[in-house]
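Taking it in order: structure first as structure tokens, then the write-up.
The values are calculated or read from the model by the stated rules, or taken from the named source; none is laboratory data. Keep in mind that this is a model prediction, so the values were computed, not measured. No Cβ is skipped: glycine too gets one built from the backbone with ideal geometry, and neighbour counts run over all protein chains shown. To get the accessible areas, we keep the full protein, side chains included, count just its heavy atoms, and leave off ligands, DNA and RNA. Shrake-Rupley method; radii C 1.70, N 1.55, O 1.52, S 1.80 Å.
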Amino acid sequence: MGIRFLLIPILCSLLHNINYAQEKSTKIRLGVIADPQYADKDSKGSRFYRNSLLKLDTASEVLNNGKVDFTIVLGDLVDVGTKDLEPVRRRLARLHSPVYNMLGNHDFVDTKDGTQLYKELGMQAPYYVVEKGNWTFILLNTNELSEYATKLGSSEQEAWKNMNDGLTSEKRKNAQPWNGGVGNKQLQWMEKKIKEAQKKSKDVIIFTHHPLFPENGLETLNNREILSIITKYTNIRAVISGHHHEGNFGTYKGIPMVTLEGMIETDKTNSYGTIDLYSKRIVLTGYGRMTSRVFEF
């Protein structure tokens, strides 16, 4: 009897170690940076534009030491358009693993052709998918339907105007010139990618510049339409966003909705993080102002 009771904790410990080893072997680690918003101009309020270059240097060093598989930058690489983009590109080039950029509203400032801006940021398309292991990462373009990213008289600008007018009549707080929305073609593409991932039993994280939830006036213009689509599927593990520099968090129908703190804010305190992905949990480790979080599913 004594031997049996002695063996039980030993077996439990062995099983724990085996499970831990299996989980560790399947781990994917990515870096995340939101809103560097660099500009060669004086600081204003809590935004220290020039300081973002030093912050990117620090983040690159830590992410390299952490051996991330890749890094996602969630938009607003610059504050006033691409004239200040080159110093940011040089910093991001110091990362040893791939960098996947996203479009933010500030990236469009003084841009002649918003439909081609993604090329200047080294992106394969305005919205796209990254695959790694058992995970699918969907990088949306929430600027697609906006005043700042569309050409005068275009069908996209007309769609934005109709959407914005509807939100204004509903007295929604997000009907603002710095917010944008997602068009029908992109929504159909997003749902197709989610279905493909679900068919292959793959987990999905959706990345956006403008948050989807909680609603505070900075969310994507048609956030409710996007939420109605993604909540139909059981393989969405999180939505991760930028744009709202203070950061935010909420859970929508069981899906964690994380808004990352913006790098641009404060004089010296940085903001960036790593995300470790396991078979049953997500671990966000924040540096500086970025909040650390753990999600299990």
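Tell me which GluC sites (Glu not before Pro) from segment 152-206 have a DSSP coil assignment and no more than 14 other beta carbons within 10 Å of their own.
170
Provide 251, 71, 150 ordered by accessible surface of protein heavy atoms (probe 1.4 Å), highest first.
The ranking, largest first, comes out as 251, 150, 71.
Using label points projected 7 Å from each Cα along Cα→Cβ, tell me how many nm separate residue 171 and residue 291, to one decimal.
Here the modelled spin labels are 2.8 nm apart.
For segment 184-261, take N as its residue count and report Rg(C-alpha) divided by 2.2 N^0.38 Å.
Compactness ratio reported: 1.05.
In the chain, which helices (entire DSSP H runs) extend 24 Å or more along their own long axis, judged by Cα positions, while averaging at least -0.5 on the Kyte-Doolittle scale?
The answer, listed by residue number, is 2-25.
In Å³ and rounded to a whole number, note down the convex hull volume per residue for the Cα atoms of segment 135-205.
97
Which of these, 64, 51, 101, has the largest mean-square fluctuation under a Gaussian network model of the chain (Cα springs below 10 Å)?
It is 64.
For a quick check: with amide H placed at 1.01 Å from N, whose amide H comes under 5 Å from residue 238's, ignoring anything fewer than 5 positions away on the same chain?
Counting only residues 5 or more places away or on other chains, the set is 206.
Could you tell me the center-to-center distance, by alpha carbons, between segment 221-296 and segment 137-171 in angstrom?
Using only Cα atoms to place each centre, the spacing works out to 23 Å.
Treating cross-link reach as a plain straight distance, find the lysines whose alpha-carbon is under 26 Å from the alpha-carbon of residue 83, omitting any fewer than eight places away in the same chain.
41, 44, 55, 112, 119, 151, 268
Hey, what D do you get for the chain in µm²/s if you plug the Kirkwood alpha-carbon radius into Stokes-Einstein at 37 °C and 0.692 mPa s?
Translational diffusion coefficient: 164 µm²/s.
Residue by residue through segment 206-219, what is 3J(HN,Hα) from phi via Karplus (6.51 cos²θ - 1.76 cosθ + 1.60, θ = phi - 60°)? Round to whole Hz and write x for glycine and proline.
Values, residue by residue: 9, 10, 9, 7, 6, x, 9, 6, x, 7, 9, x, 10, 6 Hz.
List every residue whose amide H lies under 5 Å from the amide H of residue 128, counting only residues 5 or more places away in sequence or on a different chain, with H placed 1.01 Å from N in the peptide plane.
HN-HN under 5 Å from residue 128: 139.
For every helix of n ≥ 4 consecutive DSSP H residues, a contribution of -39,500 (n - 2.57) applies; sum these over the chain, divide by its total residues, and give [θ] at 222 nm rounded to the nearest 500 deg cm²/dmol.
-9500 deg cm²/dmol
Quick one: Cα convex hull volume of segment 64-118, Å³ per residue?
Taking only Cα atoms, segment 64-118 has a hull volume of 77 Å³ per residue.
How far apart, in nm, are two points set 7 Å out from the Cα along the Cα-to-Cβ line at residue 200 and at residue 229?
The answer from the label model is 1.9 nm.
Can you sort 96, 106 by solvent-accessible area, 1.4 Å probe, largest first?
Greatest to least solvent exposure: 96, 106.
In whole percent, what relative contact order does the chain give with Cα contacts below 8 Å and a gap of six or more residues?
After rounding, I find 19 percent.
When the scattering of segment 69-162 is computed by the Debye formula from its Cα atoms alone, each counted once and equally, what is log10 I(q)/I(0) at q = 0.22 Å⁻¹?
After summing over all Cα pairs, the log10 values are -1.12.
Out of residues 5 or more away from residue 145 or on other chains, whose amide H comes under 5 Å of its own, with H placed 1.01 Å from N in the peptide plane?
For residue 145, the qualifying residues are 181, 182, 183.
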